[in-house]
Ligand code: FES
Ligand code: FES
């Protein structure tokens, strides 16, 4: 029996089905964090202004604070917890770790989910394409530069290049 | 004046160690390398547990009902309807927590919930905990609060003119919280010797930290009578003290504070907050865990960010631009409470002297109480505002005298290893190199003043500014004689080294600093070291992540603990191998004989050999900064083990029709002493450029002055991420960064701070670049487009080509600062005391 006022639905998150009972006005963000305990997805405003809550639905980045959970039922949801392949970090995650592109790390899950979607469609994104892709993700720590560089580094590695961070981006000019 | 240097590098440092501050880079295995942060993998995997990611069984959710009026007495609170709502489990009002608290001992003026008076829109009045967050919200709406409104005070002019109603019954008088008046040297003589003088008025609007993580707290008072508080705080030790004070008679040792990794702090999580204390009390009341997660709007209510500061600066210089006299006034709009405001006030006058020699200096600072969210420390704490004023004024001076602003600064640098007019002790000083780097990189000499109109019809210009910042405050915020930072090491038979330290990682990488330093001293992999931080039950006190203190202070404590562990292990290995301990080398996870490198053992074997000989191995390290040279009252704010230096050149492109401008490129050089980790240091510099740019161009914590039921009310203009403008990816310019290393003898491996300093020159450099491009001055931060436009219109109309606060006598509030404390400068033979200061009772150190 579902509690009165709640709906029972099955979500597919990171390739696994999850059955959840939730109030129908709950956002996807709330269901992920509070019902499924997938706290990797963050929130900075819950008003669609910061991008911290970005997840992918069907491969497309969306702001989970603006999506009603009922509207995500039956769709393939991917969160930061689903980025790594088992114990192995994805190339994007490795690049972020190498360059210190996650300082406090609070914006990072959202940034990663947006950038991951970009890299799937575009193996060789320009700096402007990266800026465009991440224009809705606020980061207060990094000044975005290490994030741009990490996306570029990951793209190069995904193309099979033996890429390492540029000297100036690590040691300065 | 050059000090006769006592020659010690740090109170505990050994001069024989291979990791002296000036060790050659190639002799260091881990320090300076771009190794990953110890928490890098969890941060990119969404596994870092921030405060709001925690939950406990039977946890309640708490919400605060906040004041809707700016200034009022609370006549009546009726919570009956709220209490009757199903799901509500606990209600608190100010009466339940009558003991006041505050971050500084001199301003214990806050309550967890306002008992009888509200002082700004957002002041918390009632706390309600319920089984669900929504129920708590709904219950708050059922509470009736009756207010008797009081006249509001909206800014420094108003506060100075209206002593009544007083916001607080302490402070100097009326609504003046603090007045400082310090005079170093002989101003009259300094101005008499000046070839040129100027007087300018500047205004720096307040702005806020805007960390991406909203504050959250989880409190659990368990059945054994022990309280645990997990919180997004930069200062767990100070929160611990505030909890112990307000929750009296709960013993301090029954309170445990765990600072979760902070999702950005920038100073915004360094006060003990009302919601933290209320959550703890609520857990004690209900016997259940209680969580509160603030909304973004509430984060704006917490604020304690950059003070709005009005400044008047009169400066006298020789014809080469040497400062013979500086007479500086600052007026701080403090908001509703004291917070760090006393320190902030002093900081508006402290660091002007550490970049360029200032021969005679008079500082007057006033802080006022107003009916707005309280102000306090934000990245740069109290120093960006006067730095803006000084650097823009120097640009004007250079213009007046026909000097190159860069060369003029180079010609007048404060000397290394010297004392300033206000008795700050400068050690290493790399500002000259910083200036040279950005001047060369930006093509300053060829391009400044010559860029002008571009093919696209816009105007380009270059601006330069410099700055300096502390590597940690020399004094703790409460008077005591104990160390500022402590580290404990545990060495285990498995080879594991665990470091315990009260420091708090707010994203700057302080957890990793422990790993890198200990790894270097012990010759083991830094990522193999286990770091346990910011848990008052487990970790020795570190004062917190503020004032850029952690790298130097925690770093030195970690180094001492590691050196002691190394000595113990060395003794064990020496006995086992029959080799003198002094010949042993610790590197690559091995301990071996330098003369016969194959003779040695693995780190794990070495630890076992030592444990067999000495018993269980644990060491401690602690750090206290060197004593300050300043001995006058107020001299406690400004001293630091070392000062970092930065220089920036900013390029702007201005549309002369609209005032809209962009910043295509920035050259930033920062003297960091030594970068402990190259990549992480770069990230701090780039992040500072970003945040400084936001302050320069757009960020402002502005208030709407509205009439509400016949009274004025101050409400935030912009309590959301959308309206509080901050730079997005497309706003970020290309940044050319120069990491200047001038190792400082007080720093671990010579390191100085990097987290705050490089923010400071951004704001004046932008303003100076606008002038270079289109010949107008904006003497006010932010240099927003409409201000540039207004200045351009003024120029066209043949008026003064300037936008800024009134330069006339009315421009600053009339305040009687009383008599100054008079202090002879070092070059007048001063000893750091004020010759007219009444004798002070010497407080006993606790
Ligand atoms: S939490 Fe969804 S955009 Fe900010
Ligand atoms: S890393 Fe802190 S907000 Fe982006």
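Only the coordinates and a few stated rules stand behind these numbers; no lab work does. Computed from a prediction, not measured in an experiment: that's the story for all the values here. Positions of Cβ are generated from backbone atoms using ideal geometry, with glycine treated the same way; all protein chains shown enter the neighbour counts.
Three semi-axes describe the equivalent ellipsoid of region A:7-77; taken as square roots of 5 times the Cα gyration tensor eigenvalues and ordered largest first, they are 17, 13, 11 Å. By the beta-carbon count within 10 Å of each Cβ, the least crowded to most crowded order of B:661, B:459, B:170, fewest first, is B:170, B:459, B:661.
If R0 is 60 Å, the Cβ-Cβ spacing of residue A:127 and residue B:836 corresponds to a FRET efficiency of close to 0.50. Once the Cα-Cα distance is subtracted from the 0.36 nm per residue extended length, the residue B:223 to residue B:195 segment shows a gain of 2.7 nm. Scaling the Cα radius of gyration of region B:336-456 by the globular reference 2.2 N^0.38 Å produces a ratio of 1.31.
Using Cα centres only, tell me the gap between region B:545-621 and region B:755-816 in whole Å. Rounded to whole Å, the Cα centres lie 56 Å apart.
Can you classify region A:91-171 as rounded, prolate or oblate using the Cα gyration tensor, where a ≥ b ≥ c are the square roots of its eigenvalues, rounded means a/c under 1.5, and otherwise it's prolate if a/b beats b/c and oblate if not? Judged from the Cα gyration tensor, region A:91-171 comes out oblate (a/c at least 1.5, b/c at or above a/b). Averaged over the residues of B:47-54, the number of partner chain Cβ atoms lying within 10 Å of the residue Cβ comes to 4.
A straight chain from residue B:80 to residue B:704 at 0.36 nm per residue would run longer than the Cα-Cα distance by 221.3 nm. Among B:60, B:247, A:153, the order by Cβ neighbours within 10 angstrom, fewest to most, reads B:247, A:153, B:60.
Per residue, the convex hull spanned by the Cα atoms of region B:757-846 amounts to 243 cubic angstrom. For the pair region B:671-708 and region B:425-472, the centres of their Cα atoms are 18 angstrom apart. Would you mind classifying the protein assembly as shown by shape? Square roots of the alpha carbon gyration tensor eigenvalues, ordered a ≥ b ≥ c; an a/c under 1.5 is rounded, otherwise it is prolate if a/b is larger than b/c and oblate if not. Since a/c stays below 1.5, the shape of the protein assembly as shown is classed as rounded.
When a/c reaches 1.5 or more, the comparison of a/b and b/c decides; with that in mind, is chain B rounded, prolate or oblate per its Cα gyration tensor? Taking the square roots of the gyration eigenvalues as a ≥ b ≥ c, chain B is oblate. When DSSP beta bridges are restricted to pairs lying wholly in the protein assembly as shown, around 75% turn out antiparallel. Counting 0.36 nm for each residue step from residue B:318 to residue B:297 and taking away their Cα separation leaves a gain of 2.6 nm. Counting neighbouring beta carbons within 10 Å and listing from fewest to most, the residues A:98, A:128, B:671 come out as A:128, A:98, B:671. In chain A, the longest principal axis of the Cα atoms and the axis of helix A:145-158 are about 90 degrees apart.
Distance from the C-alpha centroid of region B:173-245 to that of region B:84-143: 23 Å, rounded to the whole angstrom.
In chain B, the DSSP beta bridges split such that about 75 percent are antiparallel, to the nearest 5.
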